[in-house]
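This report refers to the structure that appears directly beneath it.
The values are calculated or read from the model by the stated rules, or taken from the named source; none is laboratory data. Predicted model only: the values in this text are computed from it and were never measured. Backbone-built Cβ (ideal geometry, glycine too); neighbour counts: all protein chains shown.
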């Protein structure tokens, strides 16, 4: 009797497993597949990935500032005499040099903290940096200029 009961249990489990492995029933209105054609893929229900699986939008990195751009902002902030056409990186660097501000000649290179410290030290500020090779971003340059060269400075 136990063997008979075990046989029916195994038969029930196997039939349930076989039923899960069978492909879904075909649409009776669908045209028959062509000979030699691959069998149609089983249709899966439309599933949207969970919201957590979608990649989060990464905010763009702040733009770096060139040494020439910094020279133009610093010269404008100090209200130095600009040429008739306005400051270019070269004319701003020249105006700063005439004022005694140290500016490297490579105006197209990214602005580093060492460049900013050298320029502000030339103006009499006693500042320093522990990371002189760090490249300055536009946000940090604006904060630096607002701190040391306020807009209302005469």
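Among the candidates 107, 80, 111, single out the residue that is surrounded by 13 or more Cβ atoms within 10 Å (Cβ to Cβ), over 14 Å from residue 67 (Cβ atoms) and touching a residue at least 12 places away in the same chain (Cβ under 8 Å).
One residue alone meets the criteria, 80.
So residue 92 ticks every box in (1) at pLDDT below 90; (2) farther than 13 Å from residue 122 by Cβ but one. Which box is left unticked?
(1)
Do we find that residue 80 is at pLDDT 90 or above and closer than 19 Å to residue 141 by Cβ in this structure?
It is true that residue 80 is at pLDDT 90 or above and closer than 19 Å to residue 141 by Cβ.
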